[in-house]
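Enquirer: Have a look at the structure that comes next, please.
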Amino acid sequence: MSGRLFDKVWERHLVAAPDGEPPLLYIDLHLVHEVTSPQAFEGLEMAGRQVRRPDLTVATMDHDVPTVNPLGPISDPLAAEQIARLRKNCAAHGITLHPLGSAEQGIVHVIGPQLGLTQPGMTVVCGDSHTSTHGAFGALAFGIGTTEVEHVLATQTLRQTKPAAMAVTVDGDLPSGVTAKDLVLGIIARLGTGGGTGSVIEYRGSAIRALDMEGRMTVCNMSIEAGARAGMIAPDDTTFAFLEGRKHSPKGADWERALDDWRSLVTDEGAVFDSEVRIDAASLRPTITWGTNPAQSVSIDGAVPDPDSLGTAAERHAAQRALEYMGLRPGTAIRDIGVDTVFIGSCTNGRLADLRAAADVVRGRKVSPSVRAIVVPGSARVKAEAEAEGLDAVFAAAGFEWRSAGCSMCLGMNGDILSPRERSASTSNRNFEGRQGPGGRTHLVSPAVAAATAITGRFAVPADLEGAR
């Protein structure tokens, strides 16, 4: 082994590496949802195959689920069919399913960690690009396509060309008001949307170590937005405290043995990475995207850039196209940009800690009359825990809509979408053209910035609201 965390996990799972072919990896956990699985199960049936390890396969419904009256009729025929087929396929193959109405239903990348299914040293796959979330636990986790979903279902293995290993080291203390979402947007701005291509990123440094698990999941979740195959953070006491006592975590003597093993999953001193980027945490600020990819971002104190100021012809062209789509003019101060909708949720920022952060901002305040504000918990359990703390009442009193768990407005595959030219402040992970609905204009922000923006109707940070209850 080279002594890097990534290599240690990779080599533990290497089944075969024949000459001239991609290596074959064993998969510890396969997460399944309703959108990318129907064709994979159909392929199994046509070939007369069974699921190789249903005990290592866990399914839920998230992308297509309505967040208003989720147990009522589903108006979208395709969504209804996909949900029905997942239920049927899981029953036929003996796969654990957390369906609509279940206490554990939710976004697949939220329920895996909350159930203790995601553990250090695992290989985790799912037919969803943001599977990189699970790398926050020291797992090697990545999204796969429909054909690969079928391969894992049939064999519990996957062929993968080995990526390079990149280190992103963030040292120092994050300034007041700077969150994990701002940190990862800063990293993506530095790397660009293709800076991590062909690599697994290990996030290192004191600023990363200071993050709680929710923050680490946010960072790893958005690794894919820098083009990376996956993101990883070495497990430590913060990881172990999060996992202890969860439903699928080891118990008793098995827990102690697991800890002994997990503590070895660190990059050894002196290990060399294929590439490395260093960032001073003190340089980061609350960040808002202005364009149509997550790298097109600027500080809350900044302004929409002039495309002519950018370094390459490709950057200038991309910026000009983005500004036309977003309906923005160069030089416009970020705080002067008004929004129509605020969305708090997604696998990036739909966990209990995210909802607490937003509730702290809106408590005792009112949403701007010009803003539609929506909160969608990342799972049924997150929803229940938030309600037990009274967070739903805080949001409702402020004027937010309190929804049921699901992917919701993160992507335009359900009723929670933007209208053409409608502008949103969103805690999700992608701001591509049409991502939240055809013609919709998405700005990525942290939960705290989203909450403050909902109050003012324009981009703001919590400090802007001081004395304004």
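The values are calculated or read from the model by the stated rules, or taken from the named source; none is laboratory data. This is a predicted model, so every value here is computed, not measured. Using ideal geometry, Cβ is built from the backbone for each residue, glycine included, and neighbour counts are taken over all protein chains shown. Ligands, DNA and RNA are excluded from the accessible area calculation, which covers all protein heavy atoms including side chains. Shrake-Rupley method; radii C 1.70, N 1.55, O 1.52, S 1.80 Å.
Enquirer: Do we find a residue being under 25 Å from the mean Cα position of the chain (by Cα), open to solvent by less than 30 Å² (accessible area, probe 1.4 Å) and under 16 Å from Gly138 (Cβ atoms) anywhere in the stretch 269-287?
Expert: No, every residue in the stretch 269-287 fails to be under 25 Å from the mean Cα position of the chain (by Cα), open to solvent by less than 30 Å² (accessible area, probe 1.4 Å) and under 16 Å from Gly138 (Cβ atoms).
Enquirer: Being in contact with a strand residue (DSSP E or B) (Cβ under 8 Å, 6 or more places away or on another chain) and assigned to a helix (DSSP H, G or I) is the filter here, so list the residues in the stretch 417-461 that pass it.
Expert: Pro447, Val449, Ala450, Ala451, Thr453, Ala454
Enquirer: Just one of the numbered conditions (1) crowded, with 24+ Cβ neighbours inside 10 Å; (2) over 20 Å from the mean Cα position of the chain (by Cα) is not true of Val394; which one?
Expert: It is condition (1) that Val394 fails.
Enquirer: With the checklist (1) of a type outside the set (Gly, Ala, Ser); (2) open to solvent by less than 10 Å² (accessible area, probe 1.4 Å); (3) in contact (Cβ under 8 Å) with a residue 40 or more places away in the chain; (4) within 18 Å of Glu11 (Cα to Cα) in hand, flag the one item His130 doesn't pass.
Expert: Here His130 meets the rest and fails (4).
Enquirer: Here is a further query. In the stretch 54-97, which residue that is of a type in the set (Ser, Thr, Tyr), open to solvent by less than 40 Å² (accessible area, probe 1.4 Å) and within 27 Å of Thr123 (Cβ to Cβ) is nearest to the chain's Cα centre (by Cα)? Before you say what the answer is, go through the steps one by one.
Expert: Residues of the stretch 54-97 that are of a type in the set (Ser, Thr, Tyr), as a first pass: 57, 60, 67, 75, 96.
Applying the additional criterion that residues be open to solvent by less than 40 Å² (accessible area, probe 1.4 Å) yields 57, 60, 67.
Cutting the leftovers down to within 27 Å of Thr123 (Cβ to Cβ) gives us 57, 60.
Numbers: Thr57: 20, Thr60: 16 Å.
Across the stretch 54-97, the extreme among qualifying residues is Thr60.
Let's see how each residue does on (1) surrounded by 15 or more Cβ atoms within 10 Å (Cβ to Cβ); (2) basic (Lys, Arg); (3) under 27 Å from Gly205 (Cα atoms); (4) over 18 Å from the mean Cα position of the chain (by Cα):
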residue: Leu243; (1), (2), (3), (4): yes, no, yes, yes
residue: Pro250; (1), (2), (3), (4): yes, no, no, yes
residue: Leu265; (1), (2), (3), (4): yes, no, yes, yes
residue: Pro294; (1), (2), (3), (4): yes, no, yes, no
residue: His317; (1), (2), (3), (4): no, no, no, yes
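Enquirer: Answer yes or no: is there a residue in the stretch 246-260 that is more than 24 Å from Trp10 (Cβ to Cβ) and touching a helix residue (DSSP H, G or I) at 6+ places or on another chain (Cβ under 8 Å).
Expert: Within the stretch 246-260 (the criterion being more than 24 Å from Trp10 (Cβ to Cβ) and touching a helix residue (DSSP H, G or I) at 6+ places or on another chain (Cβ under 8 Å)), the answer is yes, since at least one residue qualifies.
Enquirer: Can you pull out the residues in the stretch 14-37 that are in contact (Cβ under 8 Å) with a residue 24 or more places away in the chain and over 29 Å from Ala91 (Cα atoms)? Before you say what the answer is, go through the steps one by one.
Expert: Initial filter on the stretch 14-37 (in contact (Cβ under 8 Å) with a residue 24 or more places away in the chain): 15, 21-37.
Of everything in the stretch 14-37, those that are in contact (Cβ under 8 Å) with a residue 24 or more places away in the chain and over 29 Å from Ala91 (Cα atoms) turn out to be Val15, Glu21, Pro22, Pro23.
Enquirer: Can you confirm whether the stretch 117-138 contains a residue that is aliphatic (A, V, I, L, M), within 18 Å of Arg403 (Cα to Cα) and touching an Asp or Glu at 6+ places or on another chain (Cβ under 7 Å)?
Expert: Narrowing the stretch 117-138 to residues aliphatic (A, V, I, L, M): 117, 122, 124-125, 136.
Filter again for within 18 Å of Arg403 (Cα to Cα), leaving none.
For the stretch 117-138, residues aliphatic (A, V, I, L, M), within 18 Å of Arg403 (Cα to Cα) and touching an Asp or Glu at 6+ places or on another chain (Cβ under 7 Å): absent.
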